[in-house]
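Novice: Have a look at this one.
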Amino acid sequence: MERTYVMVKPDGVQRNLAGEIISRFEKKGFQLVGLKLMQITPELAGKHYGEHEGKPFYGELIDFITSGPVVAMVWQGQNVVSVIRNMMGKTNPAEAAPGTIRGDYAVFMGNNVVHGSDSPESAEREINLFFSPEELVDYKKAT
Ligand code: CMP
């Protein structure tokens, strides 16, 4: 089953949007297999956003993502990576369609409420960065 890494960013947590975001993915039909509230260290932020190192907004991005707690999650389901990306809306909230999370709840590029892996390969890398295998549940025996 395909899995993806999703994170409610510090702005989303501070604005009490974590429940709303989780609810949207639950209602869509995806399964939550990992969940924790955590504070990201600069070291972990550097690993997560390594591909953006050197870009003009990199420092701002690291400062922002380490500025307060995030809700780190792993979701699973069919085509979960692309479907959750569509449900989040475009990275720039100004261009995100109404009905998407960013389209409904965000205004600025930096404070865009939520992160979701952009490919199955990124998902694998990001899940392993934020979660150990023991932290992920198995639904095989669930009714
Ligand atoms: P995210 O999906 O977490 O992945 C990288 C993040 O970098 C992205 O969301 C945006 O929040 C941020 N980002 C991308 N481009 C810019 C930009 N031009 N200015 C500021 N932040 C950006």
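The values are calculated or read from the model by the stated rules, or taken from the named source; none is laboratory data. Quick caveat, the model's predicted, so the values are computed rather than measured. Surface areas here come from the heavy atoms of the whole protein model, side chains and all, with no ligands, DNA or RNA. Shrake-Rupley method; radii C 1.70, N 1.55, O 1.52, S 1.80 Å.
Novice: Per the 1.4 Å probe, what fraction of the accessible area of segment 2-136, in percent, lies on carbon and sulfur atoms?
Specialist: 51 percent
Novice: Suppose only helical runs count, i.e. DSSP H with n ≥ 4. What mean residue ellipticity at 222 nm does that imply for the chain under -39500 (n - 2.57) per run, divided by all residues and rounded to the nearest 500 deg cm²/dmol?
Specialist: -10500 deg cm²/dmol
Novice: Continuing with this model, one more query. Rounded to the nearest whole Å², what accessible area per residue is found for the chain with the 1.4 Å probe?
Specialist: In whole numbers, the chain has 54 Å² accessible per residue.
Novice: Any idea what the relative contact order of the chain is, in percent, if you count C-alpha pairs under 8 Å spaced at least 6 apart?
Specialist: RCO, the chain: 36 percent.
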